[in-house]
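Quick notes on the structure that follows.
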Amino acid sequence: MPALTEFYIDGAWTAPSAPKTLDVINPATEEPCATISMGAKADVDRAVAAAKKAFETWGRTTPAERRAYLVKLVEVYESRAEEMAQAISKEMGAPIAMARNAQASSGSSHLRAFIRVMDDFTWEHPLRDDAQGEYIVHEPIGVAGLITPWNWPMNQVALKVGAALAAGCTMVLKPSEIAPLSSMLFAEFVDQAGIPKGVFNLVNGDGPTVGEAMSTHPDIDIMSLTGSTRAGIAVTKAAADTVKRVSLELGGKGPNIVFADADIRKAVKGGAIGVFYNSGQSCNAPTRMLVERSVYDDAVEIARETAEATKVGEPSEEGRHIGPVVSAAQFDKIQGLIQAGIDEGARLVAGGVGRPEGVNRGYFVRPTVFADVTNDMTIAREEIFGPVLSMLPFDDEEEAIRIANDTVYGLTSYVQSGSQARAQKVARQLRAGMVIMNGASRVGGSPFGGYKQSGNGREGGSWGMLEFLEVKAISGWDPNA
């Protein structure tokens, strides 16, 4: 079992300030697959000092210079993509095909997207044509503190690190201590790409220790976190005393409105698969399916068939199946919420508590469907983060919109209708940062983020890079000087 007990600070792998280790658990076997060190405030201080010093030069590099480093990082990443897929599959249980084709590949895709953003971005410009003497300059904000989750580890690391590098920031990354192996491998990629020392630093640890030390640190200029709403609140409060910028991508409870004029089989099957994908561990999953009453019974039956056809299997096996959820704590939480759905009177259509039949180890969860859910039930209010679908009937468009918006979250909403005009009309009324109509794919570079308790920032594309930039207005500029 590998002992990955060093941190990447100032361009080198270094020992922690004090010995404290944690086993990384393979969720398919419930056994340790690696050991990492848990950092302390002293480790954060060293990493921030390195980042602050590096910013003196990295912050003054040209976009062309930074672009060249990003190109090299992508080359290294893609040459070692299989290592990344294996690490992700081992640490968080993604089936290996998904780990290759979605989890690992999302990292290099986002890095490439930021290269395109840099090519198209106007870094300096006059305020407007008739105000040439008022000059707008976009500059890196400084040292970034980055906290990333375990459910899409490289997707989130690349969205933050890629944006920060492109903007000219230096950074300290704290990946999830539950799934840190991919991030430690990413640090190797950074080193191999020759990115200057101190620009990227990695310290493992938990939120209350390392996350708190980062959030309160006076030399960190921005905190960017993807995680639970609870974690986002904690970071925001901790960051308040130093008035640093805080960018948050948090939870979701996505409504999926299915009108009777939609292709019901396609809409319901696709929606259910979207819930079960990644074992339900996606903040943008369409976990509340709102179905027009005239087709509701048919929809429930299609969802049941889809759940029962969804295979659960070992992450190491090839094929289209779902793996375990990430940890014992997550497994227990999901089991408790499934039981709450039963206890509160929702109709269990498929799945339920316990592991799938024939499985006696690993954090595997049965693909589960509840019908006749009301929006005041626990399973309709709380983010389950497991393969659990809640189905609710509605009578008309107005009721559907009201139910959809009746949540503290506002990340991704979905609309299925045979009328494009109605779908667009409803999309405008949904309180969410993203709306997906009729199963359309999101385009690379589109902003990712939400309303309300789903967060207050955007990731991806130019919006993601802008999170790491300050805007400076210079008066009295002479463009001919």
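The values are calculated or read from the model by the stated rules, or taken from the named source; none is laboratory data. Just so it is clear, the model here is predicted, and its values are computed rather than measured. For neighbour counting, all protein chains shown are included, and Cβ atoms are generated from backbone atoms with ideal geometry for every residue, glycine included.
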Is it the case that the stretch 428-444 has a residue that's at positive phi and under 14 Å from the mean Cα position of the chain (by Cα)? no
Only one of A64, A18 is at negative phi, of a type in the set (A, V, I, L, M), exposed (fewer than 14 other Cβ atoms within 10 Å of the Cβ) and part of a loop (DSSP other than H, G, I, E, B), namely A18
Which residue, of V415, V349, is at pLDDT 95 or above, crowded, with 21+ Cβ neighbours inside 10 Å and either of a type in the set (V, I, T) or under 27 Å from L430 (Cβ atoms) (or both)? V415
Please enumerate the residues belonging to the stretch 312-342 that are more than 18 Å from V275 (Cα to Cα), in contact (Cβ under 8 Å) with a residue 24 or more places away in the chain and assigned to a helix (DSSP H, G or I). A328, A340
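Output the residue which, of all residues in the stretch 287-304 that are more than 16 Å from T374 (Cα to Cα) and not acidic (D, E), is nearest to the chain's Cα centre (by Cα).
Here is the first cut: in the stretch 287-304, the residues more than 16 Å from T374 (Cα to Cα) are 294-295, 298-299, 301-304.
Now drop any that are not not acidic (D, E), which leaves 294-295, 299, 302-304.
Values: S294: 36, V295: 33, A299: 29, I302: 29, A303: 26, R304: 28 Å.
Residue satisfying both the conditions and the ranking: A303.
Quick one: which residue in T226, T209 is out of contact with any helix residue (DSSP H, G or I) (no Cβ under 6 Å at 6 or more places or on another chain), hydroxyl-bearing (S, T, Y) and in the same structural domain as I96 (by TED's automatic domain parsing)? Walk me through how you get there before you give the answer.
On the way: T226 fails: out of contact with any helix residue (DSSP H, G or I) (no Cβ under 6 Å at 6 or more places or on another chain).
Of T226, T209, the one residue that is out of contact with any helix residue (DSSP H, G or I) (no Cβ under 6 Å at 6 or more places or on another chain), hydroxyl-bearing (S, T, Y) and in the same structural domain as I96 (by TED's automatic domain parsing) is T209.
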State whether the residues of the stretch 100-113 include one that is in contact (Cβ under 8 Å) with a residue 24 or more places away in the chain, in a helix (DSSP H, G or I), of a type outside the set (D, E, K, R) and touching an Asp or Glu at 6+ places or on another chain (Cβ under 6 Å). yes
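Each row is one residue, and each column tells you yes or no for (1) assigned to a loop (DSSP other than H, G, I, E, B); (2) surrounded by 16 or more Cβ atoms within 10 Å (Cβ to Cβ); (3) in contact with a Phe, Trp or Tyr (Cβ under 7 Å, 6 or more places away or on another chain).
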{"residue": "G345", "(1), (2), (3)": "yes, no, no"}
{"residue": "V369", "(1), (2), (3)": "no, yes, no"}
{"residue": "N375", "(1), (2), (3)": "yes, yes, no"}
{"residue": "A380", "(1), (2), (3)": "no, yes, no"}
{"residue": "R402", "(1), (2), (3)": "no, no, no"}
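Scanning for something in a loop (DSSP other than H, G, I, E, B) and either at pLDDT below 95 or crowded, with 19+ Cβ neighbours inside 10 Å (or both), does the stretch 35-58 turn up at least one residue?
Narrowing the stretch 35-58 to residues in a loop (DSSP other than H, G, I, E, B): 38-40.
Next, only the ones that are either at pLDDT below 95 or crowded, with 19+ Cβ neighbours inside 10 Å (or both) stay: 38-39.
Yes, some residue in the stretch 35-58 is in a loop (DSSP other than H, G, I, E, B) and either at pLDDT below 95 or crowded, with 19+ Cβ neighbours inside 10 Å (or both).
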Any idea how many residues of the stretch 412-438 are touching a Leu at 6+ places or on another chain (Cβ under 8 Å) and either closer than 27 Å to A346 by Cα or in contact (Cβ under 8 Å) with a residue 40 or more places away in the chain (or both)? 4
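Could you count how many residues in the stretch 422-445 are at pLDDT below 95 and either over 16 Å from G271 (Cα atoms) or in a strand (DSSP E or B) (or both)?
Taking the stretch 422-445 as the starting set, the residues that turn out to be at pLDDT below 95 are 441-445.
From what is left, the residues that are either over 16 Å from G271 (Cα atoms) or in a strand (DSSP E or B) (or both) are 443-445.
Final tally of qualifying residues: 3.
Could we say that F7 is touching a strand residue (DSSP E or B) at 6+ places or on another chain (Cβ under 8 Å) and under 25 Å from N155 (Cβ atoms) here?
Working: touching a strand residue (DSSP E or B) at 6+ places or on another chain (Cβ under 8 Å): yes; under 25 Å from N155 (Cβ atoms): yes.
Answer is yes for this residue.
When the residues of the stretch 289-311 are filtered to those that are in a strand (DSSP E or B) and aliphatic (A, V, I, L, M), which remaining residue is nearest to D23 (Cα to Cα)? Show your work before the answer.
Residues of the stretch 289-311 that are in a strand (DSSP E or B), as a first pass: 289-292.
Then drop every residue that is not aliphatic (A, V, I, L, M), which leaves 289-291.
Working: M289: 38, L290: 41, V291: 44 Å.
Among those residues, the one meeting the criterion is M289.
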